[in-house]
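*Asks:* Have a look at the structure that comes next, please.
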Amino acid sequence: MANLGLARAVLATRHVLRTVGLVLAIGLVASCSPVIRNHGYVPAEDELAQVEVGKDTRETVGQKIGRPSTSGLLNDEGWYYVQSKYRHFGPREPKEIERQVLAITFNEAGVVENVGRYGLEDGKVVEISRRVTETNIKGITLIQQLLGSFGRIRAEDIAG
């Protein structure tokens, strides 16, 4: 009888260990699967069909499809709707796998002049914002700066 109880306990322990192992394996596989995230907004084709070249103005375009988050930086000649799709895979850096840019340009009177759609394959990645502080001194390390000043200091400069 004691052996039967021991055998059941061993089987129950094996069953629990298998279940825990299976749960851990599923969790490991799930954590390695890619996560797709969308950023930005581009109007759908049926919404964009409402915009008429040569007739609509900035105001009517804003009413029909909404204002973009980005417009022409230098002369405000255009509105740019940008949507990107990124693939996140574990600890790796996210990779942009798809991009759509809808560019609506206006003439001097503010009337729609052109509507164009562009994808990731139509151009190169352009950095809109950079958050890197660059030094003013190019090609010289801190040690080179410190060592380079030793020969320039004379005793009479310090003594005054």
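*Asks:* Sort through Lys64, Lys55 and tell me the only one that's surrounded by 10 or more Cβ atoms within 10 Å (Cβ to Cβ), at pLDDT 70 or above, assigned by TED's automatic domain parsing to the domain that holds Gly119 and not in a strand (DSSP E or B).
*Replies:* The match here is Lys64.
*Asks:* For segment 74-85, does any single residue satisfy the condition of being surrounded by 11 or more Cβ atoms within 10 Å (Cβ to Cβ), of a type in the set (D, E, K, R) and at pLDDT below 85?
*Replies:* yes
*Asks:* Same structure, new question: Quick one: how many residues across segment 73-123 are in a loop (DSSP other than H, G, I, E, B), touching a Ser or Thr at 6+ places or on another chain (Cβ under 6 Å) and among the charged types (D, E, K, R)?
*Replies:* Counting residues in segment 73-123 that are in a loop (DSSP other than H, G, I, E, B), touching a Ser or Thr at 6+ places or on another chain (Cβ under 6 Å) and among the charged types (D, E, K, R) gives 1.
The values are calculated or read from the model by the stated rules, or taken from the named source; none is laboratory data. Predicted model, so just to flag it, every value in this text is computed and none were measured. So basically every Cβ, Gly included, is an ideal-geometry build from the backbone, and we count neighbours across all protein chains shown.
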